[in-house]
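S.K.: Below you'll find the structure I mean.
The values are calculated or read from the model by the stated rules, or taken from the named source; none is laboratory data. Predicted model, so just to flag it, every value in this text is computed and none were measured. Positions of Cβ are backbone-derived with ideal geometry, glycine not excepted, and every protein chain shown enters the neighbour counts.
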């Protein structure tokens, strides 16, 4: 079967939506660090729409900072790929050309730094996940003991971390007399732009106080809120689209039809007209990200841990179980909902129902295991901030305690049938060690895990109401199993 590429575009069926700009003349204005499926289905999708309407030199150079796998998917296809929007009503196929080249940072770090330092690059965006910020999620400070940060401070000409790349490129721009760029975080972090700015400036301060001052004056770090469900692409997905296209597309991505992007309008060097193609450019992103992190992401994590432990592979399967639907509806309205003051023109009840409907989309094969990854980095934003607000106001915390108990049960590394769980988490070894010492003793297990300050800070281990609530749920999980416990609790 022929591969999707520039020379095979004429073979595509008429149903595929194609670009209406001249891709051969498209120049790069954006570098993106962390070019995974989400970026290709979200920010590149919006950039493609802006190019279709307005043109401009806003092509994307996509960079992987670890594995060459995405480059190996994209480069043989001249960086073309198909975006498949999948719902219960069917599929829409769109050919995306916004990504003009793909690189692998570790193969030539200096070359990537030079590209980022080129004044033609106006924006450097990131989807490197929470752990890519090399920071302490509980404090927001950079983790100077992180091995990549230690390496980059000694070898800034060949960085490893996203933070190192940003500082190295900005340093070159300073030295060469160029303007700065906009560093655009698109990761699920509260105040993500402020988090990025803080760690960049803390790193730069170590390199040179003068550099840190220059970055502060010449670069910007807008906050954003991103939302689209993008499951991992499977071999079955690729086979299905190959049959539809008559071409093999190794770089295809699948997404739900819903998409949202809220961006703080704080750019130092221009940007695409994203607001004309569906993005919201606003002065203040915080309320939107708070709504999304606590309602969507908090619910997703809760469903992922309880669903995985109950034997469900996909979120839509979890949502086919009435007790889980009731649990997550209660969580949205009560534990998370009580901590949110939505804008006057925002229908919060409709948004909550919309989320539940999206979770039920059977056409999207969104794995519980995928969402469960990196929980030590996600829980502080998704659940623990709501928890702290509810504790301060003596509000409801029951389902938050349930979710934390499910996470502890999950990271113990063994499921209810005695099978090993592949726990993908930066703190997996530390968590496994804490769990191993206290297997069979839920109270001691909770105390040990909640004492890990990198996740829970130093305050929550002393919150008796929280610790006891988690212990009660975890005890029930070990006694009856998660599925039976949820069914009994949310009849």
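S.K.: Quick one: in the range 276-296, of everything that is assigned to a helix (DSSP H, G or I) and more than 20 Å from the chain's Cα centre (by Cα), which residue is nearest to residue 258 (Cα to Cα)? Break it down into steps so the answer makes sense when it comes.
M.R.: Within the range 276-296, the first condition is being assigned to a helix (DSSP H, G or I), and the residues that meet it are 276-277, 286-296.
Narrowing the set further to residues that are more than 20 Å from the chain's Cα centre (by Cα) leaves 276-277.
On the way: 276: 17, 277: 14 Å.
In this case the residue turns out to be 277.
S.K.: Within the range 372-383, track down each residue that is closer than 18 Å to residue 135 by Cβ and not in a loop (DSSP other than H, G, I, E, B).
M.R.: Listed by number, the residues that qualify are 375, 376, 377, 378, 379, 380, 381, 382.
S.K.: A follow-up question, please. With (1) assigned to a helix (DSSP H, G or I); (2) surrounded by 19 or more Cβ atoms within 10 Å (Cβ to Cβ) as the list, and residue 159 as the residue in question, which single condition is left unmet?
M.R.: So residue 159 meets the others, but not (1).
S.K.: Do any helices (runs of 4 or more DSSP H) entirely within the range 189-272 hold 1 or more residues that are touching a helix residue (DSSP H, G or I) at 6+ places or on another chain (Cβ under 7 Å) and either touching a residue at least 12 places away in the same chain (Cβ under 8 Å) or assigned by TED's automatic domain parsing to the domain that holds residue 126 (or both), and if so, which? Show your work before the answer.
M.R.: Details: elements: 192-207, 209-218, 235-245.
By residue number, 192-207, 209-218.
S.K.: Same structure again: Would it be correct to say that residue 386 is surrounded by fewer than 24 Cβ atoms within 10 Å (Cβ to Cβ), within 20 Å of the chain's Cα centre (by Cα), in a helix (DSSP H, G or I) and modelled with pLDDT of 95 or more? Give the steps one after another, and end with the answer.
M.R.: Working: surrounded by fewer than 24 Cβ atoms within 10 Å (Cβ to Cβ): no; within 20 Å of the chain's Cα centre (by Cα): yes; in a helix (DSSP H, G or I): yes; modelled with pLDDT of 95 or more: yes.
So residue 386 fails the test.
S.K.: Let me ask something else about it. Going through the range 192-206 one residue at a time, which ones are under 17 Å from residue 127 (Cβ atoms) and in contact with a strand residue (DSSP E or B) (Cβ under 6 Å, 6 or more places away or on another chain)?
M.R.: Within the range 192-206, 192, 193, 196, 199 meet the criteria.
S.K.: Give the residue, chosen from 22, 57, that is out of contact with any strand residue (DSSP E or B) (no Cβ under 9 Å at 6 or more places or on another chain) and either surrounded by 14 or more Cβ atoms within 10 Å (Cβ to Cβ) or assigned by TED's automatic domain parsing to the domain that holds residue 237 (or both). If you could, list the steps in order and put the result at the bottom.
M.R.: Numbers: 57 fails: out of contact with any strand residue (DSSP E or B) (no Cβ under 9 Å at 6 or more places or on another chain).
One residue alone meets the criteria, 22.
S.K.: Taking the condition touching a residue at least 40 places away in the same chain (Cβ under 8 Å), part of a loop (DSSP other than H, G, I, E, B) and over 18 Å from residue 485 (Cβ atoms), does residue 426 pass? Reasoning before the result, please.
M.R.: Numbers: touching a residue at least 40 places away in the same chain (Cβ under 8 Å): yes; part of a loop (DSSP other than H, G, I, E, B): yes; over 18 Å from residue 485 (Cβ atoms): yes.
So residue 426 passes the test.
S.K.: Let me ask something else. Would you check if residue 75 is surrounded by 20 or more Cβ atoms within 10 Å (Cβ to Cβ), more than 21 Å from residue 173 (Cβ to Cβ) and touching a strand residue (DSSP E or B) at 6+ places or on another chain (Cβ under 6 Å)? Before the answer, list the steps.
M.R.: On the way: surrounded by 20 or more Cβ atoms within 10 Å (Cβ to Cβ): no; more than 21 Å from residue 173 (Cβ to Cβ): yes; touching a strand residue (DSSP E or B) at 6+ places or on another chain (Cβ under 6 Å): yes.
When the stated conditions are applied, residue 75 does not pass them.
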